[in-house]
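One structure is given below, encoded as structure tokens.
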Amino acid sequence: MSPLRVVWTARESVTGDADTKAETGPVEGVPVNDPNRWRALWATLAAGFMTLLDVTIVAVALPSMQRELDASAASVQWVVSGYALAFALTLVTAGRLGDAFGRRRVFLIALAAFVVCSAAAGAAPTVALLVVARLAQGVAAGTLSPQNTALIQQLFRGAERGRAFGLFGATVGVSSAVGPVVGGLILALADGPDGWRWIFYVNVPVGLVALVLGWRLLPRVAPGRRGRLDPAGVALLGTGILAVMLPLVLAEAGGLASLWWLFPVGLLILVGFVGWERRVAARDGDPLLDPRLFTATRGYATGASLATLYFVGFSGVWLVFALFFQNGLGYSPLGSGLAVTPFAAGSAGAAAVAGRLVGRFGRLLTVCGLVAVMAGLGGTALVLWLAPADSAAFAAAPLLFLGGLGSGCVISPNVTMTLRDVPVRMAGAAGGAMQTGQRLGGAVGTAALPGLFYLVLTGTHDNYRDAVAVSVGSGVAFMLCALAVAVADWRRDRAGRDRRGPAETAHGHTHATRS
């Protein structure tokens, strides 16, 4: 065992480097109780909300883009899938760059690039230039996103960190759920042949305000130890993710049938990436993603796995609901978005509160949240299957609200429990890896669940009720897998507390906060 591994195990795997320093002094030059920390958080969350909203907001404008740019369905689909692909490919490497060169610097550069790319996408005269702008926008978004979680690790300590992660979790959940609502509202207000361009232009003023606030409020901190950036690890991880995601993002154009062979190729490359990173770490090098995060950092592997499984069902159901309400019931894009607003409202409220409760209830909060979201979405699928078309949205609203409450108790606490014990010097790479899992899960869900919707629709002669019930029910099944992971972790923590005994469990706030 190398000296580095001994130091890691002894100092960081139990209490967490960040939390240890949090109680005794500054971390990475950031003063404890920085008076600007909450205002800085809101600036970073506004920027993060934009980047995550752009994953789903564009979908409602695709018909308008296709018509006005005289584009094929396959080419215009790249406006959505290209962004998601570039986003996922960038996350881990960008997190490592932030760790090495300074999160403030990387955040501001990425935010400025995102604003410029948003303006370029809005002004694009052809679909080819629009796709190029979206790819660049996805790179900027993927570079910005892991800096959010890393800055929370850097700026906040103790119970405040849980509340900050709660707000971040609310941002993740709400941005995904309200994308169709915001997109439909923009299209309704910006009527005309070029109305779809405001889907992108709206990012410019918001992004500029966030850029000014970030420049003024984010602390200027000396970068961490730079070391080498592991170019071999970057190449292996990027190639592996590309191979796994490409058939999924091209699913509507026949990618699953023609490119299925990329799945085993991608998995083999990712296995090679893990082996390479272990080799680099064993030689006391600077791996892109230190494998000890998954073995020596408490809760990280469980939280990342749970998030990936949850986002398969969570991301896919929104496209299914849009297809059902618009194609099946004849709703407008705005009406379709408003029909699922109760979920977004419940998620926003619950996530903010859950961030304050996670220190008391720990993993039990996630378990209860998963049960609630499964009950809410499962009940919604049943109601949409049985209720008359003219009252389906109203009948489903209470169940969607219940599901939103549950989702707020899943995403926000899970982010906190996954990242809170990660050493601050590795927070960017760790946050990027967790979000990469979410993006992979989201890609699987957005390919599988709408595909199943269309499959059932064809087999039942345009019966939209059967299609929505089967596809949403399948999304709930993936959440059941996430529930199994959460229950196993909760039981493991309870067994650990029983072995330590009440006296030892009460010793130290860190051990007492996970249930």
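We did not get these values from a lab; they are worked out from the coordinates using the rules stated. Because the structure is predicted, anything quoted here is derived from the model rather than measured. Positions of Cβ are backbone-derived with ideal geometry, glycine not excepted, and every protein chain shown enters the neighbour counts.
A few points about this structure:
- Computed over segment 231-287, the convex hull of the alpha-carbon atoms projects to a mean area of 3.6 nm².
- Rounded to whole Hz, the Karplus (6.51, -1.76, 1.60) HN-Hα couplings of segment 52-59, x for glycine and proline: 6, 4, 5, 5, 10, 5, 6, 4
- Above 21 Å, the calculated P(r) of segment 43-136 contains 34 percent of its Cα-Cα pairs.
- Packing-based ranking, highest mean first, of 236-249, 437-450, 282-295 given that Cβ atoms within 10 Å are counted: 437-450, 236-249, 282-295
- Rel. contact order, % - alpha carbon contacts under 8 angstrom, at least six apart, the chain: 23
- The chain, helix-only ellipticity at 222 nm - DSSP H runs n ≥ 4, -39,500 (n - 2.57), divided by all residues, nearest 500: -26500 deg cm²/dmol
- Taking 0.36 nm per residue of sequence separation and removing the Cα-Cα distance, the residue 395/residue 194 pair yields an extension gain of 68.8 nm.
- Note on residue 123 and residue 488: the model spin-label points, each 7 Å out from Cα along the C-beta direction, lie 5.2 nm apart.
- Peptides 367-375, 266-274, 384-392 ranked from most to least packed by the mean count of surrounding Cβ atoms within 10 Å: 367-375, 266-274, 384-392.
- Across segment 313-325, computed HN-Hα scalar couplings (Karplus, 6.51 cos²θ - 1.76 cosθ + 1.60, θ = phi - 60°) run x, 5, 6, x, 5, 6, 5, 5, 4, 4, 5, 5, 5 Hz from first to last residue, x flagging Gly and Pro.
- With R₀ set to 51 Å, the beta-carbon distance separating residue 74 from residue 495 gives a calculated FRET efficiency near 0.45.
- Shape category assigned to the chain from the gyration tensor of Cα positions, a/c cut at 1.5: prolate
- Rounded if a/c under 1.5, otherwise prolate or oblate - segment 165-293, Cα gyration tensor axes: oblate
- Distant-in-sequence amide contacts of residue 331, defined by a placed amide H-H separation under 5 Å and a gap of 5 or more residues or a different chain, comprise 326.
- Near the amide H of residue 387, within less than 5 Å, lie no amide hydrogens of residues on another chain or at least 5 residues away, with H placed in the peptide plane.
- Karplus-derived 3J(HN,Hα), 6.51/-1.76/1.60, for each residue of segment 467-479, Hz, glycine and proline x: 5, 5, 5, 5, 6, 5, x, 5, x, 5, 5, 5, 5
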